[in-house]
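Novice: My structure is below; once you've seen it, I'll send some questions.
Every number here is computed from the coordinates shown, using simple stated rules; none is lab data. Since we're looking at a predicted model, the values are computed, not measured. Cβ coordinates were reconstructed from backbone atoms using ideal geometry, including for glycine residues, and neighbour counts include every protein chain displayed.
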C-alpha cells in the first residue's frame, strides 16, 4: 500500500506548489518600499508648472499617489475606478504624470476627466526611479506619517479598490 | 533628371550614419564599468534581460542613473544598494543568502541528501530481501530434481539453464 500512497502524496504536494507558483504574476515584484517613508521630491505641477508639490505637504493626511502617463494603456482601464473614488471624496488622489509630455497629460485629463486633487509631472522619470516604478500605472497608499503602506503594480480594478485599498485607507484614517 | 536621381540614391548610405546609438557615453572606461555592473542586474520590465542588454525605456533610465552615480564617484556596491533599496533583491541575478532565500540556496542540497537517504534505505531493504531468499539445502535438492526431471520442457521455454 505504501508504494502507492507515497508517490501520490509527493504528487499532490508538487501539484500544490505548481498551482500556487504558476498562479503568481511574475511581473509583481514585491516592493522594498512598503513600510518605508515615501521618498521626498519637489516636482512642478502639471497644470501650473510654476508651483511645486512635495509629499512633505501631505503630513497628517492619508493619501494616494497614482503614477500614470498618457502613453499607458492600462492607465485608461483604471481611470474610471479613480474617477469613481474621487467622486466619493474619501481620500485625496495625487497623480504623477510619468515620462510624459505636459500637453499630452493635460489632454488626457481634459478628455477623460480628472480624478486628481493635483498632478505633478516627472518628465524624466527620475522620481519614478526613487519610488521603484517599473511599469505604469502604479498606485501607492501613504499614511499620516508619510509611510508607504501599499503599492499596487498595474491598474487598480474596482475589486482591488473595494477589497484591498479602501479598507486599508479607512483603517489608516482612523489611526 | 535621371542622373540627379542616381546621385540622390547614391547618397543613401550617408543618411544611414545618422542614427548613432545615443546611449554611448563620452567616457568609454566608465561605459565599460557601467556595462559590467549592469550585466549582473535584472531589468524589471523584460525580466529575462539584464539591465545592460535591455532596450526597455526604464533600463535606459537606470543605465543613465548608474552612469551618473559612477561619475559622482560612487562605488559599485553603493550603486547596487541604491537599486536594491528601490526595486528589491529582484534586480540581483545573484540573490543574497537570507531567511527568505534559504530554500533557494540550500533546498537542492537538502533534496540531494533526502534522495541519498532514500536510496541507502531502499538498498538496505533490498539486501535484506536477497538474503532471505537464500536457498536452503532442501530447496537446492528440490530445484536440482526439477531441472533434471524435465530438461526438454525448460528448453522449449527457452530458459537458459546454467548447469547444462
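Novice: With away from every other protein chain (no Cβ under 14 Å), buried (at least 20 other Cβ atoms within 10 Å of the Cβ) and assigned to a loop (DSSP other than H, G, I, E, B) as the only criterion, which of A:133, A:156 stands out? Please lay out each step first, then the result.
Specialist: Working: A:133 fails: away from every other protein chain (no Cβ under 14 Å).
Just a single option satisfies the conditions, and that option is A:156.
Novice: Look through region B:49-59, keep the residues that are out of contact with any helix residue (DSSP H, G or I) (no Cβ under 6 Å at 6 or more places or on another chain) and either buried (at least 16 other Cβ atoms within 10 Å of the Cβ) or more than 10 Å from chain A (Cβ to nearest Cβ) (or both), and return whichever of them is farthest from residue B:90 (Cα to Cα).
Specialist: It comes out as B:55.
Novice: Which of the residues that make up region B:86-103 are more than 13 Å from chain A (Cβ to nearest Cβ), part of a helix (DSSP H, G or I) and loosely packed, with under 11 Cβ neighbours inside 10 Å?
Specialist: Answer for region B:86-103, where residues must be more than 13 Å from chain A (Cβ to nearest Cβ), part of a helix (DSSP H, G or I) and loosely packed, with under 11 Cβ neighbours inside 10 Å: just B:99.
Novice: Here's another thing I want to ask about it. Could you list, in sequence order, the residues of region A:110-130 that are within 14 Å of another protein chain (Cβ to nearest Cβ) and out of contact with any helix residue (DSSP H, G or I) (no Cβ under 7 Å at 6 or more places or on another chain)?
Specialist: The initial filter retains those residues of region A:110-130 that are within 14 Å of another protein chain (Cβ to nearest Cβ), namely A:122-130.
Matches in region A:110-130: A:123, A:124, A:126, A:127, A:128.
Novice: Given A:83, A:18, which one is free of Cβ contacts under 8 Å to residues at least 12 places away in the same chain and part of a helix (DSSP H, G or I)?
Specialist: Answer to the selection: A:18.
Novice: Another one. Working carefully through the options A:32, A:7, find the one that is within 13 Å of another protein chain (Cβ to nearest Cβ), farther than 21 Å from residue A:161 by Cα and surrounded by 12 or more Cβ atoms within 10 Å (Cβ to Cβ).
Specialist: Checking each option against the conditions leaves just A:32.
Novice: Let me ask something additional. Kindly evaluate residue B:83 against the criterion of being closer than 28 Å to residue A:140 by Cβ, touching a strand residue (DSSP E or B) at 6+ places or on another chain (Cβ under 9 Å) and within 11 Å of chain A (Cβ to nearest Cβ). Break it down stepwise before answering.
Specialist: Numbers: closer than 28 Å to residue A:140 by Cβ: yes; touching a strand residue (DSSP E or B) at 6+ places or on another chain (Cβ under 9 Å): yes; within 11 Å of chain A (Cβ to nearest Cβ): yes.
Judged against the criteria, residue B:83 is a match.
Novice: When both residues are 6+ apart or on different chains and their Cβ atoms are under 6 Å apart, which pairs have a first residue that lies in region B:36-48 and is away from every other protein chain (no Cβ under 14 Å), and a second that is loosely packed, with under 14 Cβ neighbours inside 10 Å and assigned to a loop (DSSP other than H, G, I, E, B)?
Specialist: B:40/B:93
Novice: If you take the residues of region A:35-64 that are touching a helix residue (DSSP H, G or I) at 6+ places or on another chain (Cβ under 8 Å) and not in a loop (DSSP other than H, G, I, E, B), which of them is surrounded by the fewest Cβ atoms within 10 Å (Cβ to Cβ)?
Specialist: A:43
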